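A.B. asks: Before anything else, here's the structure in question.
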Amino acid sequence: MITPQERLTITVTVNGQPRTAEVEARLLLVHFIRETLGLTGTHIGCDTSNCGACTVILNGQNVKSCTLLAVQADGGELLTIEGLEQNGQLHPLQEGFWQEHGLQCGFCTPGMIMTAKALLDQNPNPTEAEIRLGISGNLCRCTGYVNIVKAIQYGAAKLRGEAPASTQEATHA
């Protein structure tokens, strides 16, 4: 039987790079990401899985990293907010949050973007209602969600190779 204080060696592919570390069996995935790996874009909000600020993608599924142990990710593929930007270019969802003012304080933004990415991976052309349902496990205390939905629609359009609605409107103004 493994005790909570026992140390185990895990290997996780994080943002495309294999990472190996020795961790306590009781270490939460969110603390592994932030403290062991030094990737502080994943936020700790409520520690009860209510807010979604700690959302990451593990093996293709969005998960709240405050509810999983790091050892549960052993052998898995983990994508954090830091892994979205490629070659100095923002991911279309990150760009959408910037262009559509989908953030204010920004605390929920990494988790919201990761949740939106998982949604768009499953459904590249969601309706507004599907977007709202998809992000319903993530709380934002600042924006009122209107611009978050617009940001996700923007990112979805770019990922489909289409001009985002706001860009189209701006060119016709």
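A.B. asks: Between CYS105 and GLU130, what length in nm is gained on full extension when 0.36 nm per residue of separation is reduced by their alpha carbon distance?
C.D. replies: 6.5 nm
A.B. asks: In terms of the ratio Rg/(2.2 N^0.38 Å) built on C-alpha atoms, what value belongs to the range 7-83?
C.D. replies: 0.96
A.B. asks: Related question: What is the set of long-range amide H partners of VAL14 at a cut-off below 5 Å, with H atoms built 1.01 Å from backbone N?
C.D. replies: ARG19, LEU78
A.B. asks: Now for a different question. Ratio to report: Rg/Rh of the chain, with Cα atoms as the point set and Rh obtained by the Kirkwood method; give two decimals.
C.D. replies: Ratio value, two decimals: 1.02.
A.B. asks: Kindly write out, for the range 30-43 in residue order, the coupling ³J(HN,Hα) from the Karplus curve 6.51 cos²θ - 1.76 cosθ + 1.60 (θ = phi - 60°), rounded to whole Hz, with x marking Gly and Pro.
C.D. replies: Whole-Hz 3J(HN,Hα) from phi for the range 30-43: 4, 6, 4, 4, 6, 8, 7, 8, x, 9, 8, x, 7, 9.
A.B. asks: Quote the Stokes-Einstein diffusion coefficient, in whole µm² s⁻¹, for the range 92-166, based on the Kirkwood radius over alpha carbon pairs, a temperature of 4 °C and a viscosity of 1.567 mPa s.
C.D. replies: Translational D for this selection: 110 µm²/s.
A.B. asks: Sequence gap at least 6, Cα distance under 8 Å: using those rules, report the relative contact order of the range 7-83 to the nearest whole percent.
C.D. replies: It comes to 39 percent, rounded to a whole number.
A.B. asks: Find out how many positive minus negative residues lie around ARG26, taking Lys and Arg as positive, Asp and Glu as negative, among other residues whose Cβ is under 12 Å from that of ARG26.
C.D. replies: Net of charged neighbours comes to -1.
A.B. asks: I would also like to ask the following. Using R₀ = 35 Å, calculate the FRET efficiency as 1/(1 + (r/R₀)^6) where r is the Cβ-Cβ separation of ILE44 and MET1; round to 0.05.
C.D. replies: So, using R0 = 35 Å, E works out to roughly 0.75.
Quick note: the coordinates plus some simple rules give every number you see, no bench work behind them. Nothing here was measured: the structure is a model prediction, and the numbers come from that model. Please note: Cβ atoms are built from the backbone with ideal geometry, for glycine as well, and neighbour counts cover all protein chains shown.
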